[in-house]
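Here the structure is laid out as structure tokens; the discussion comes afterwards.
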Amino acid sequence: MTTTALTHIASLVTNDPSLGNGTPLGLIQDAAVVIEGDRIVWTGESSKAPATDNVLDAAGRAVIPGFVDSHSHLVFAGDRTQEFNARMSGQPYRAGGIRTTVAATRAATDEELSANVARYLAEALRQGTTTFETKSGYGLTVEDEARALRIAGRHTDEVTYLGAHIVSPDYADDPAGYVDLVTGPMLEACAPHARWIDVFCEQGAFDGDQARAILTAGLAEGLHPRVHANQLSYGPGVQLAVELDAASADHCTHLTDADVDALGQGNTVATLLPGAEFSTRATWPDARRLLDAGATVALSTDCNPGSSFTSSMPFCVALAVRDMGMTPDEAIWSATAGGAAALRRTDIGRITPGARADLVLLDAPSHVHLAYRPGVPLVSAVWRSGQRVV
Ligand code: NIG
Ligand code: FE
């Protein structure tokens, strides 16, 4: 198989603490990476790189692992510009806005929905995202949820069943009936097309008991839990996520000390979604408090037409550094290795032998520039599974 070396990398983020400067980022200066097929086969100092068939000179630029965006909602139609406009004029964000997107999504064809996913994925790829998770949740009928998952599955393996996004408008007077649907016929139709099950555990969506019933039903069908938890208010979501060994508790904006302790001690990753706080003008989640408690923190876009219409991981990194108490090193780790942890994956989010060859070449000498130069398109090349895709 052909081998290709990327040499003279000014600063390489490996996310292997045994390499380079010994920090969690495992930074190597003047580094090289060798790719064979879809894998990384060698990482080290440029001067020690083995002979390869092809050589590409990074010419003093930085390389980081491809971003792992572990939380998005891309199967949707329509947009919610007016709602955003109203929020920026003082209206609060409410879970009920989701109904607008449900109506537009139900009315769209499969082709329209799939083209929409492809469009936002292409956008994300240009900004360095090489793995992404995405969810259903804008269909809320058996057919529309299963269709959303089938469409998502054409674009990624990380597919999440979110029939429990809000109570379907068709069940406005019978929320218990909707939970029966989500845990019964809808789950049966959706489980074959998903890896994960999620629930929006929040006032105006699903309470702790309903969320528990939904997640345990999913577990029984072989889906692993992740939870939209503690986004708009304090609540039981985070504790439930940790108790059920969910891969991730997402949002984590309103946390008690007990919530922070639980995340610090359990295996559940705290996934922070700064695009949502930005676009809803909400209080920032306190990443520093979680990191100091020993929690594993991931950063993701939450890309969706309501609360966070950004596909940009670099934007989320910059917000996390500026407003959530993260250092640039921590934010880059969380957007790559942290996202991999939130998807319980070990083959991505690192640049070490055996990992999938997902790399981002930055038009900058260091990963710190992603926060230092916010809004600047610094991604100059992207490899996914060893193929140059940007
Ligand atoms: O993660 N919180 C629930 N779901 C999305 C918002 C979806 C929407 O507003 O359409 C979120 O923020
Ligand atoms: Fe979300």
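So for the stretch 299-310 (the condition being touching a Pro at 6+ places or on another chain (Cβ under 8 Å), modelled with pLDDT of 95 or more and within 16 Å of ligand 1 (Cβ to nearest atom)), does at least one residue qualify?
Looking for residues that are touching a Pro at 6+ places or on another chain (Cβ under 8 Å), modelled with pLDDT of 95 or more and within 16 Å of ligand 1 (Cβ to nearest atom), one finds at least one in the stretch 299-310, hence yes.
Quick check: anything in the stretch 283-293 surrounded by fewer than 22 Cβ atoms within 10 Å (Cβ to Cβ) and either within 16 Å of ligand 2 (Cβ to nearest atom) or touching a residue at least 60 places away in the same chain (Cβ under 8 Å) (or both)?
no
Scanning the stretch 157-178 for residues that are hydrophobic (A, V, I, L, M, F, W, C) and more than 28 Å from the chain's Cα centre (by Cα), which turns out farthest from ligand 1 (Cβ to nearest atom)?
In this case the residue turns out to be Ala176.
Test Val238 against the criterion of being more than 13 Å from ligand 1 (Cβ to nearest atom), touching an Asp or Glu at 6+ places or on another chain (Cβ under 6 Å) and either more than 24 Å from Tyr93 (Cβ to Cβ) or not polar (S, T, N, Q) (or both), and give yes or no.
Yes: the conditions hold for Val238.
Starting from the stretch 183-207, take each residue that is under 24 Å from Gly97 (Cα atoms) and of a type outside the set (Ser, Thr, Tyr) and list its partners that are at pLDDT below 95 and assigned to a helix (DSSP H, G or I), counting only C-beta distances under 7 angstrom and pairs at least six apart or across chains.
Filtered contacts from the stretch 183-207: Phe200/Ala95; Glu202/Ala95; Gly204/Ala95; Gly204/Gly96; Ala205/Ala95.
Quick check on this structure: which one of Ser11, Ser72, Ser18 is outside the structural domain of Leu125 (by TED's automatic domain parsing) and in contact with a strand residue (DSSP E or B) (Cβ under 8 Å, 6 or more places away or on another chain)?
Exactly one residue qualifies, and that residue is Ser11.
Looking only at the stretch 153-212, filter to residues that are in a helix (DSSP H, G or I) and in contact with a Lys or Arg (Cβ under 7 Å, 6 or more places away or on another chain); which one of those is surrounded by the fewest Cβ atoms within 10 Å (Cβ to Cβ)?
Step by step, filter the stretch 153-212, then rank; the result is Pro169.
Would you mind stating whether Leu370 is surrounded by 23 or more Cβ atoms within 10 Å (Cβ to Cβ), away from ligand 1 (no atom under 16 Å from the Cβ) and either part of a helix (DSSP H, G or I) or among the acidic types (Asp, Glu) (or both)?
yes
Step by step: first the residues of the stretch 73-101, then only those that are crowded, with 24+ Cβ neighbours inside 10 Å and in contact with a helix residue (DSSP H, G or I) (Cβ under 8 Å, 6 or more places away or on another chain), then the one that is farthest from Asp347 (Cα to Cα). Which residue is that?
In this case the residue turns out to be Phe76.
The values are calculated or read from the model by the stated rules, or taken from the named source; none is laboratory data. Keep in mind that this is a model prediction, so the values were computed, not measured. Note that each Cβ is placed from the backbone with ideal geometry, even for glycine, and that neighbours are counted across all protein chains shown.
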